[in-house]
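Presented below is the structure to which this report refers.
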Amino acid sequence: FAAANNISIVLKFNREAPDPEKPEEIIRDLNKPVLYYAKYLDITPHIVKQLREKMPAPTADQRGGPVQFPRR
């Protein structure tokens, strides 16, 4: 339905608005599951490419650290 009607993203929806005084409700509202998205909108490959271009090559003592981007 979404693709046939040019809808780019579908989120799980709850008509009840979160209470702005309750942080756990705000967090729950922000973490709604994505039910559908148009794949062409995924910017992840572009972000990873830019990060790889801007990051210096790791030195021998930095290899194996917590942040590594797999090469494709």
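We did not get these values from a lab; they are worked out from the coordinates using the rules stated. In this text the structure is predicted, and so the values were computed from the model without any measurement. Virtual Cβ from ideal backbone geometry, glycine too; neighbours counted across all protein chains shown.
Laid out as a table, the results:
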{"item": "Potential extension, Tyr36-Ile7 segment - 0.36 nm per residue separation minus Cα distance", "result": "9.5 nm"}
{"item": "Inter-label distance for Ile43 and Lys22, nm, one decimal - labels placed 7 Å from Cα along Cα-to-Cβ", "result": "3.2 nm"}
{"item": "Cross-link reach list, lysines versus Lys32, counting only Cα pairs under 29 Å and skipping chain neighbours closer than eight places", "result": "Lys12, Lys22, Lys49"}
